[in-house]
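Novice: Provided herewith is a single structure, encoded as structure tokens, for subsequent inquiry.
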Amino acid sequence: MQTMNASFVFAAASSGLWAQSGPQPYFWLPDRASTFARDVDWVFNFILYVSLFFFVLIVALMCWFVVRYRRRPERPDAEESPHHNTALELLWSGIPTIIVCLMFYFGFQGYMDMRTPPRDAYEINVIAKKWAWLFKYPNGYVDDKLYVPAAEPVRLVMTSDDVIHSLYIPDFRVKQDLVPGRYTKMWFKAIKPGEYSLFCAEYCGSGHADMLSKVVVLEPAEFAAWLREAGDFLKKLPPEKAGEELHRRRGCAQCHSVDGKAGTGPTLLGIWRETHRMTDGSTAVVDENYIRESILEPGKRIREGFVNQMPTFKGVLSDEEIGYLIAYIKSLGGSAKDESPAP
Amino acid sequence: MSEIVAESHGNAENYLTARRGLLSWLFTLDHKRIGVMYLASILAFFLLGGVFALLVRTELISPGRTIMGRDMYNHMFTLHGAVMVFLFIIPGIPAALGNFVLPIMLGAKDVAFPRLNLASLYMFWGGAIFFVLVLVTGGLETGWTFYTPYSTTTGQSSVVAAVVGAFILGFSSIFTAVNFIATVHTMRPAAMGWFKMPLFVWALYATAIIQLLATPVLGITLLLLALERLFGIGFFDPALNGDPILFQHFFWFYSHPAVYIMILPGMGITSEIVSVFSRKHIFGYRFIAYSSIAIALFGFLVWGHHMFVSGQTRLASMIFSALTFSVSIPSAIKVFNWLSTLYKGSISLETPMCYALMFIFLFGIGGLTGLFLGSLSTDVHLTDTYFIVAHFHYTMMGSTVIAFIAGIHYWWPKITGKMYSDAWGKFTALLLFIGFNLTFFPQFVIGSRGMPRRYYDYEKMLPAHPDFHTGHWVSSVGSYLVGAAFLLMAGYLFYSIVAGRPAPRNPFGGAGLEWQTSSPPPVENFTSPPVVGDPYDYSKLRYDPRSNEYVRVA
């Protein structure tokens with residue numbers, strides 16, 4: 001397939017433009033980093049070369065006819081030729097029919113493989129939300145990057161907290177929508193260690209183009225070590241550092257900056273114990289209870305000037321983790337008052 | 001011969017000059033005037049949708065923010081899609097060109113229900129008003145597909161206004177469809193059997209069947225969507241115990257057949273033009289006619305191919321994939337028939353023919369790239385990337401819009417009574433061809449390499465995918481050429497109205513009935529009953545250099 005790809009006419013013609021611009025080894029398709037990639041690329045190339053053959057045939061005939069049979073003063077009329085030919089017409093209905101049957105069959109075969117995970121696959125839960133990915137490993141650890149062992153089948157059990165998202169890993173040739181209210185599944189087997197792009201492929205609003213992550217493929221032994229280490233990294237850190245890590249890894253950073261700039265949600269810089277006006281006209285002091293409420297029931301009290309886009313983190317963040325986040329927000333500074341007024 | 005020539009010049013009164021004043025247009029029952037009003041309205045929305053497209057392309061020409069923020073971008077790509085689909089391309093060929101030529105091609109005085117025809121135009125304007133309302137109120141950033149639960153929960157959009165607009169436009173579509181079906185069934189002259197009809201009429205007939213059967217489903221779906229959004233009745237949102245996948249099934253049950261509503265009339269125009277400018281009988285008339293009907297029927301059974309990664313069952317995906325491939329066959333048949341029509345013809349490359357040949361080229365690419373998407377395992381990789389964007393622009397714009405333009409150039413002398421500059425026409429066609437391919441071909445490449453669609457930005461992807469910038473840059477530059485070509489076209493077409501040479505009765509040598517009446521036609525279409533014959537028999541037509549037109553000889 002590789003040589004066939006390289007020989008493609010357009011690739012040759014425009015190699016100057018494209019070749020230097022990307023690390024991709026193939027003109028049409030990205031790197032092949034899962035066991036599906038070979039099969040999918042084979043079907044892709046099969047369709048590509050059949051299509052190319054027919055396209056060149058059609059355009060060549062068209063150009064030849066236009067030149068050969070152009071209207072000239074000495075040749076104002078068409079030559080006599082039949083206006084239909086049943087045998088010919090059946091032939092050019094029949095041949096494409098056989099070819100597309102093959103295309104269907106190859107594509108179907110590949111798809112069945114993609115939709116049939118092996119029983120012993122390593123399972124990771126995925127939650128998508130505007131606009132972050134959360135990958136939950138069997139030991140309860142959650143990360144915003146997808147770490148997987150190489151050469152082992154991995155099964156993702158996925159759902160969304162808000163609208164439809166789609167998990168897409170181009171180098172693995174896999175894509176599956178994540179639908180709120182139900183679980184969708186996909187599986188793959190990564191071939192080689194490395195870092196690969198992971199995109200959201202279903203339009204999900206303002207931050208759709210920012211909903212990017214990475215798949216990190218590790219050697220199985222390295223993966224096991226990483227997971228052990230990662231599983232209790234929070235406990236080894238001081239609380240505000242643990243909170244900082246969570247803010248980054250659980251997708252909070254997508255909407256809540258720590259540099260004072262308002263994003264989709266308010267910044268977290270310098271808000272501790274500040275009093276803010278809410279959209280319903282009331283005021284609220286940013287304290288432990290307000291932060292906890294905003295994480296678990298984001299729509300309850302919204303700061304003036306913002307529209308709520310945040311899904312709940314109930315069941316995603318533990319009480320302990322919420323504590324770390326509070327410690328982090330506290331560390332970002334705010335009002336000098338040390339206690340909010342008694343209610 | 002001399003008698004016919006004399007008549008065509010002696011007939012001063014035509015549908016444009018018969019009555020004057022705004023009211024004579026607004027209350028007209030003349031299908032030609034209604035067609036012209038449709039044409040003007042549709043072209044205005046084409047301009048609007050085109051401006052949105054250029055804004056989208058300009059934003060993507062460089063990484064990071066170029067001219068607008070991410071929310072504005074989301075509004076722009078949605079409005080581009082919604083305006084182009086609902087207000088331009090679906091009504092485009094049938095309601096504008098079809099309305100004008102269908103009754104004349106059948107030798108009739110008007111469509112079967114002239115009042116319904118006018119009502120359809122008013123419905124179109126009514127729906128359009130709601131879209132304008134969307135523009136000035138909240139905008140729309142759901143994508144033209146209105147996927148739930150995004151569309152039922154977003155706070156940034158005038159979803160209900162857009163949905164009501166599309167609902168009303170659906171009625172406009174249904175009215176036109178009913179009218180065309182009745183017209184084709186009842187208004188043909190006695191001598192014109194089903195298989196003596198021009199293929200454009202067959203195409204419009206097949207299109208009308210789809211419009212009539214599929215549009216109500218869209219109406220119902222949009223109504224449910226509006227009820228959910230307004231009153232919180234749960235149909236699609238899982239938070240209200242609805243099912244978001246159900247919306248996709250309902251939506252594509254209309255919107256997939258709708259792509260055949262878009263392409264079939266374009267194929268019909270191509271069949272007419274290829275034959276006329278080759279001066280040769282269309283090859284395989286019956287196969288082309290039947291393939292239009294086959295496409296219309298198969299088109300209803302393939303909607304699930306939009307949903308291979310949605311979470312629908314493996315069985316459903318398998319069935320939809322197999323059925324999808326079956327639609328490719330009638331399309332292939334048409335292409336081979338057009339090629340065979342060229343064989344041994346007397347081919348003249350006037351502007352309409354240039355566009356018809358461009359259609360065959362671009363539809364070739366659009367159709368063949370559909371095979372990658374019908375095949376299950378490759379679709380998983382390619383769906384929701386720029387590969388899809390490129391594919392449907394090759395079919396909708398490269399094919400339908402190009403055929404629409406071919407049709408405008410072909411019937412322009414008949415509609416306006418004026419000739420445009422053929423040299424400018426050809427030059428513009430070339431510019432458009434180059435610009436179009438520059439715009440959309442690179443999108444196949446970045447798409448198959450993994451660039452998802454509907455992305456405001458690709459800056460963060462650049463370290464791993466620097467080629468995305470190359471593709472977007474070339475694409476945006478190409479889009480400016482396309483914009484320039486359309487401006488040029490508007491220029492010379494408008495100039496022809498003001499200062500063009502008067503059009504003769506039959507400037508291109510067409511054998512259809514529309515070429516037997518004067519340009520522009522009188523109010524009643526024909527002053528004497530037209531002679532019905534084979535619409536693709538050119539043997540009796542001779543070019544007369546004195547009057548620059550083709551005349552019938554015994």
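Novice: So residue A:119 clears everything in (1) touching a residue at least 24 places away in the same chain (Cβ under 8 Å); (2) away from chain B (no Cβ under 14 Å) except one condition, right? Which one?
Specialist: So the condition that residue A:119 fails would be (1).
Novice: Look at residue B:92 and say whether it is within 13 Å of residue B:265 (Cβ to Cβ), touching a helix residue (DSSP H, G or I) at 6+ places or on another chain (Cβ under 8 Å) and at pLDDT 95 or above.
Specialist: Taking the combined requirement at face value, the residue does not satisfy it.
Novice: Considering only segment B:460-470, I want to know if a residue exists there that is among the aromatic types (Phe, Trp, Tyr), assigned to a helix (DSSP H, G or I), surrounded by 18 or more Cβ atoms within 10 Å (Cβ to Cβ) and over 26 Å from the mean Cα position of the chain (by Cα).
Specialist: Looking for residues that are among the aromatic types (Phe, Trp, Tyr), assigned to a helix (DSSP H, G or I), surrounded by 18 or more Cβ atoms within 10 Å (Cβ to Cβ) and over 26 Å from the mean Cα position of the chain (by Cα), one finds at least one in segment B:460-470, hence yes.
Novice: Which condition breaks for residue B:113 when tested against (1) surrounded by 24 or more Cβ atoms within 10 Å (Cβ to Cβ); (2) modelled with pLDDT of 95 or more; (3) not polar (S, T, N, Q)?
Specialist: Here residue B:113 meets the rest and fails (1).
Novice: Mind listing whichever residues of segment B:344-384 are over 19 Å from residue A:101 (Cα atoms), more than 8 Å from chain A (Cβ to nearest Cβ), part of a helix (DSSP H, G or I) and not small (Gly, Ala, Ser)?
Specialist: Listed by number, the residues that qualify are B:351, B:352, B:353, B:354, B:355, B:358, B:359, B:362, B:363, B:382.
Novice: So which of B:270, B:341 ends up being within 9 Å of chain A (Cβ to nearest Cβ) and under 25 Å from the mean Cα position of the chain (by Cα)?
Specialist: Exactly one residue qualifies, and that residue is B:341.
Novice: Take the conditions touching a strand residue (DSSP E or B) at 6+ places or on another chain (Cβ under 8 Å), surrounded by 24 or more Cβ atoms within 10 Å (Cβ to Cβ) and modelled with pLDDT of 95 or more and apply them to residue B:386. Does it pass?
Specialist: yes
Novice: Just name the residue that is surrounded by the fewest Cβ atoms within 10 Å (Cβ to Cβ) out of those in segment B:10-30 that are within 8 Å of residue B:523 (Cβ to Cβ) and at pLDDT 90 or above.
Specialist: Step by step, filter segment B:10-30, then rank; the result is B:14.
Quick grid of which residues meet (1) closer than 22 Å to residue B:88 by Cβ; (2) aliphatic (A, V, I, L, M); (3) buried (at least 24 other Cβ atoms within 10 Å of the Cβ):
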position	(1), (2), (3)
B:365	yes, yes, no
B:395	yes, no, no
B:404	yes, no, yes
B:410	yes, no, yes
B:413	no, no, yes
B:416	yes, no, no
B:428	yes, no, yes
B:434	no, yes, no
B:437	yes, no, no
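Novice: Let me ask another. Can you pull out every residue in segment A:191-209 that is under 15 Å from residue A:145 (Cα atoms) and not in a loop (DSSP other than H, G, I, E, B)?
Specialist: Within segment A:191-209, A:194, A:195, A:196, A:197, A:198, A:199, A:200 meet the criteria.
Novice: Can you name the condition, by its number, that residue A:139 falls short on among (1) over 24 Å from residue B:378 (Cα atoms); (2) within 14 Å of another protein chain (Cβ to nearest Cβ)?
Specialist: (2) is the only condition that residue A:139 fails.
Novice: Shifting gears a bit: Test residue A:164 against the criterion of being over 20 Å from residue A:209 (Cα atoms), without any contact (Cβ under 8 Å) to a residue 60 or more places away in the chain and touching a strand residue (DSSP E or B) at 6+ places or on another chain (Cβ under 8 Å), and give yes or no.
Specialist: no
Novice: Could you pull out the residue among B:253, B:231, B:298 that is in contact with a helix residue (DSSP H, G or I) (Cβ under 6 Å, 6 or more places away or on another chain), away from chain A (no Cβ under 14 Å) and without any contact (Cβ under 8 Å) to a residue 60 or more places away in the chain?
Specialist: That would be B:253, the only listed residue that is in contact with a helix residue (DSSP H, G or I) (Cβ under 6 Å, 6 or more places away or on another chain), away from chain A (no Cβ under 14 Å) and without any contact (Cβ under 8 Å) to a residue 60 or more places away in the chain.
Novice: I've got another one for you. State which residue pairs qualify: first residue without any contact (Cβ under 8 Å) to a residue 40 or more places away in the chain and more than 13 Å from residue B:168 (Cβ to Cβ) and inside segment B:127-141, second residue surrounded by 15 or more Cβ atoms within 10 Å (Cβ to Cβ) and of a type outside the set (Asp, Glu) in any location, beta carbons under 6 Å apart, and separation of 6 or more residues or different chains.
Specialist: B:137/B:158; B:138/B:157; B:138/B:158
Novice: While we're here: Being surrounded by 15 or more Cβ atoms within 10 Å (Cβ to Cβ) and touching a Leu at 6+ places or on another chain (Cβ under 6 Å): is that true of residue A:114 here?
Specialist: In short, no.
Novice: Scanning segment A:210-245 for residues that are of a type in the set (Gly, Ala, Ser), touching a Lys or Arg at 6+ places or on another chain (Cβ under 9 Å) and part of a helix (DSSP H, G or I), which turns out surrounded by the most Cβ atoms within 10 Å (Cβ to Cβ)?
Specialist: Looking at residues that are of a type in the set (Gly, Ala, Ser), touching a Lys or Arg at 6+ places or on another chain (Cβ under 9 Å) and part of a helix (DSSP H, G or I), I get A:243.
Novice: Okay, next question. Looking at segment B:494-504, which of the residues that are touching a residue at least 40 places away in the same chain (Cβ under 8 Å) and out of contact with any Lys or Arg (no Cβ under 9 Å at 6 or more places or on another chain) is farthest from residue B:355 (Cα to Cα)?
Specialist: Applying the filter and picking the extreme gives B:504.
Novice: Here is a follow-up. Applying the selection to segment B:350-404, what residues are within 30 Å of residue B:421 (Cβ to Cβ) and of a type in the set (Ser, Thr, Tyr)?
Specialist: B:351, B:355, B:394, B:395, B:399, B:400
Novice: More than 10 Å from chain A (Cβ to nearest Cβ), in a helix (DSSP H, G or I) and more than 25 Å from residue A:184 (Cβ to Cβ): is that true of residue B:315 in this structure?
Specialist: Spelling it out, it is not the case that residue B:315 is more than 10 Å from chain A (Cβ to nearest Cβ), in a helix (DSSP H, G or I) and more than 25 Å from residue A:184 (Cβ to Cβ).
Novice: Out of A:198, A:178, A:218, I need the residue that is more than 7 Å from every other protein chain (Cβ to nearest Cβ), closer than 20 Å to residue B:242 by Cα and either of a type in the set (Gly, Ala, Ser) or touching a residue at least 40 places away in the same chain (Cβ under 8 Å) (or both). Which one?
Specialist: From the options A:198, A:178, A:218, the qualifying one is A:178.
Novice: If the Cβ limit is 8 Å and pairs must be 6+ apart or interchain, which residue in segment A:244-263 that is among the acidic types (Asp, Glu) pairs with which residue that is modelled with pLDDT under 85 and crowded, with 18+ Cβ neighbours inside 10 Å?
Specialist: Sorted first by the residue in segment A:244-263, then by its partner, the pairs are A:245/A:234.
Novice: How about segment B:48-74: which of its residues are among the polar types (S, T, N, Q), away from chain A (no Cβ under 14 Å) and part of a helix (DSSP H, G or I)?
Specialist: Within segment B:48-74, B:58 is the sole residue that qualifies.
Novice: Going through segment B:301-312 one residue at a time, which ones are crowded, with 22+ Cβ neighbours inside 10 Å and either within 9 Å of chain A (Cβ to nearest Cβ) or not in a helix (DSSP H, G or I) (or both)?
Specialist: Within segment B:301-312, B:302, B:308, B:309, B:310 qualify.
Novice: Turning to a different aspect of this structure: Within segment A:72-99, which residues are within 7 Å of chain B (Cβ to nearest Cβ) and closer than 17 Å to residue B:282 by Cα?
Specialist: Within segment A:72-99, A:77, A:78, A:79, A:81, A:83, A:84, A:89, A:92 qualify.
Novice: On the given criteria, is residue B:282 of a type outside the set (S, T, N, Q), more than 24 Å from residue B:400 (Cα to Cα) and within 10 Å of another protein chain (Cβ to nearest Cβ)?
Specialist: Spelling it out, it is not the case that residue B:282 is of a type outside the set (S, T, N, Q), more than 24 Å from residue B:400 (Cα to Cα) and within 10 Å of another protein chain (Cβ to nearest Cβ).
Novice: Conditions first: (1) over 29 Å from the mean Cα position of the chain (by Cα); (2) assigned to a helix (DSSP H, G or I). Residue B:543 passes all but one, so which condition is the exception?
Specialist: The one condition residue B:543 does not meet is (2).
Novice: Kindly indicate which of A:183, A:137, A:147 is surrounded by fewer than 24 Cβ atoms within 10 Å (Cβ to Cβ) and touching a Ser or Thr at 6+ places or on another chain (Cβ under 8 Å).
Specialist: Sole residue among the options that is surrounded by fewer than 24 Cβ atoms within 10 Å (Cβ to Cβ) and touching a Ser or Thr at 6+ places or on another chain (Cβ under 8 Å): A:183.
The values are calculated or read from the model by the stated rules, or taken from the named source; none is laboratory data. These numbers were taken from a predicted model, which means no experiment stands behind them. Quick reminder, even Gly has a Cβ in these numbers, built from the backbone with ideal geometry, and neighbours come from all protein chains shown.
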